[in-house]
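The values are calculated or read from the model by the stated rules, or taken from the named source; none is laboratory data. Bear in mind that the values here come from a model prediction, so they are computed numbers and not experimental data. Cβ atoms come from the backbone with ideal geometry, glycine included; neighbour counts cover every protein chain shown. Areas reflect the complete protein model, heavy atoms only, side chains present, ligands, DNA and RNA absent. Shrake-Rupley method; radii C 1.70, N 1.55, O 1.52, S 1.80 Å.
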Amino acid sequence: MSTVRRPDHRSEQHSGHRAGRSPHSAGLRHVLTHLITPLLMCIGMGLAYLGAFAHPAPHQLPVAVVGSGHSAQLLAQSINDKAGGDLEVRTVGDRSAAVDRLKHQDIFGAYVIPAKGATTGAAKGPSGGVSGAGGASGAGAEGAAAGPSKAAPELLVATAGSDTSASVVQKVFTPIAAHQGAPLKVTDVAPTAEDDPTGQGIFFLLVAISIGSYASVAVIGGAGAVLPVRWRAALAIGTSFVVSLIGTAFAGPVFHLVDHGLRGLWAMAWLYSAGILLIGTGLHTFLKRWTTLGVMTLFVMLNFTSSGGIFRPEMQNGFFASLHSFWNGAGFVEGTRSHVYFDNYGLTGHVWTLVWWLVAGLLMVGVAALAEKRRRTAEAETAANAAAVAAAAVAATVPDPAAKRGSRTVRSARTAGGAGADAREGAADVDEAAEADVEMEEAVGV
């Protein structure tokens with residue numbers, strides 16, 4: 001007698017719940033995996049920005065005491081001793097030499113000691129002569145009111161080089177002037193544009209150009225992944241041209257950050273943007289969906305913090321100060337300052353910095369082109385070997401009298417192998433498109 005086995009409803013329910021949970025589990029794992037990128041961005045931005053800007057302090061900031069006498073040397077030595085390495089105080093013979101060094105950014109402040117016996121005025125009597133002890137009481141009162149006063153010391157600064165450095169220098173020398181019993185006169189020998197009083201507009205222009213550049217990398221590398229590398233490189237150069245024009249418009253007619261030198265600024269903006277776009281386009285071949293994190297590390301975390309746009313390297317720790325000497329953001333900021341405010345002094349070196357980053361971008365694109373060519377060759381060989389193996393297997397199972405049908409079968413197998421390769425390429429394209437969408441969503445600004 002046969003026994004009819006009843007279905008186990010509990011087992012079916014368990015299987016149903018498990019089947020219902022599996023898609024959600026896979027989706028949750030997918031989301032958690034993609035959350036790694038923004039969390040790493042958060043950690044990197046915090047370490048970079050707070051590490052560079054949280055505790056600004058001078059480190060061997062070069063300043064000068066103007067004077068050729070023994071008193072100037074004593075004052076410079078006294079300030080050096082009290083600063084404990086924060087300042088690097090030297091003496092300069094006269095005021096014109098100090099102005100020249102400020103405009104060459106060799107120093108960031110110069111304290112001019114008033115000459116001994118210098119006064120701001122002399123007491124004169126009604127007749128125009130110097131009032132004496134035997135003058136009339138009215139003449140004596142007038143002489144007292146317009147009597148001689150001690151000449152004020154002068155501090156020379158160049159706010160176009162760095163407003164924060166100028167502020168630090170002023171805080172150093174103000175108490176010294178007060179100790180000498182005179183108010184401090186501050187003279188700015190290189191002021192910024194009227195609409196950019198702090199001089200930090202150039203830094204925020206750097207931010208705008210950088211975001212336009214590295215965000216475009218996600219689009220060119222992701223959505224343009226099906227294009228040859230040379231096309232993507234051409235798109236990168238064209239995009240950098242547009243980004244540089246936008247940046248120049250912001251600097252000139254829109255916000256008036258600079259009042260002259262727009263052509264030179266545009267050229268540096270194009271070099272800067274093209275370097276970022278070419279490097280990012282080349283890196284996308286290797287980093288894929290991690291490209292956004294990679295370019296943000298290079299051109300935001302390490303770049304903005306070492307550019308000198310907020311604090312010069314003399315106000316930062318050794319790591320960011322060392323990056324300032326060769327990073328592309330520093331090349332753009334210092335190059336723009338040199339071109340607009342300091343009569344192109346040192347401009348050649350800053351332009352070469354931008355050029356070398358552009359060359360690095362071209363080399364990166366070249367390496368990416370070689371890597372993609374090798375990958376395509378390897379995929380083609382793999383597909384051909386698979387088709388050959390399939391054809392050999394079919395031929396081995398077909399008898400000799402059916403050679404004709406076997407040849408047709410071989411051709412069918414090859415056709416099927418080609419169709420399978422096409423299907424795999426199509427699936428790869430779908431995967432790349434999905435990764436491109438995710439990457440473009442992760443391309444966030446600061």
Exactly one of Val65, Val89 is open to solvent by less than 70 Å² (accessible area, probe 1.4 Å), modelled with pLDDT of 90 or more, in contact with a Phe, Trp or Tyr (Cβ under 8 Å, 6 or more places away or on another chain) and not in a loop (DSSP other than H, G, I, E, B), and that one is Val65
Taking helices (runs of 4 or more DSSP H) that fall entirely within the stretch 256-344, which contain at least 3 residues that are open to solvent by less than 10 Å² (accessible area, probe 1.4 Å) and either aliphatic (A, V, I, L, M) or at pLDDT 95 or above (or both)? 262-287, 303-306, 328-341
Test Val389 against the criterion of being of a type in the set (A, V, I, L, M), assigned to a helix (DSSP H, G or I), at pLDDT 55 or above and within 30 Å of Ser325 (Cα to Cα), and give yes or no. no
Pick from the stretch 39-56, criterion over 17 Å from the mean Cα position of the chain (by Cα) and surrounded by 13 or more Cβ atoms within 10 Å (Cβ to Cβ), ranking: farthest from Pro114 (Cα to Cα): Leu40
His59 without any contact (Cβ under 8 Å) to a residue 60 or more places away in the chain and either in a strand (DSSP E or B) or open to solvent by 30 Å² or more (accessible area, probe 1.4 Å) (or both): no
Write out, first by first residue and then by second, each pair whose Cβ atoms fall under 6 Å of each other, whose residues are 6+ apart or on separate chains, and whose first residue, in the stretch 72-87, is on the phi < 0 side of the Ramachandran plot and in contact (Cβ under 8 Å) with a residue 24 or more places away in the chain while the second is of a type in the set (S, T, N, Q) and outside any helix (DSSP H, G or I). Ala72/Thr91
Residue list for the stretch 160-202, restricted to those being of a type in the set (Gly, Ala, Ser), surrounded by 14 or more Cβ atoms within 10 Å (Cβ to Cβ) and not in a helix (DSSP H, G or I): Ala160, Gly161, Ser162, Ala182, Ala190, Ala193, Gly199
So Ser210 fits all but one of (1) open to solvent by 20 Å² or more (accessible area, probe 1.4 Å); (2) at pLDDT 95 or above; (3) part of a helix (DSSP H, G or I); what number is the exception? (1)
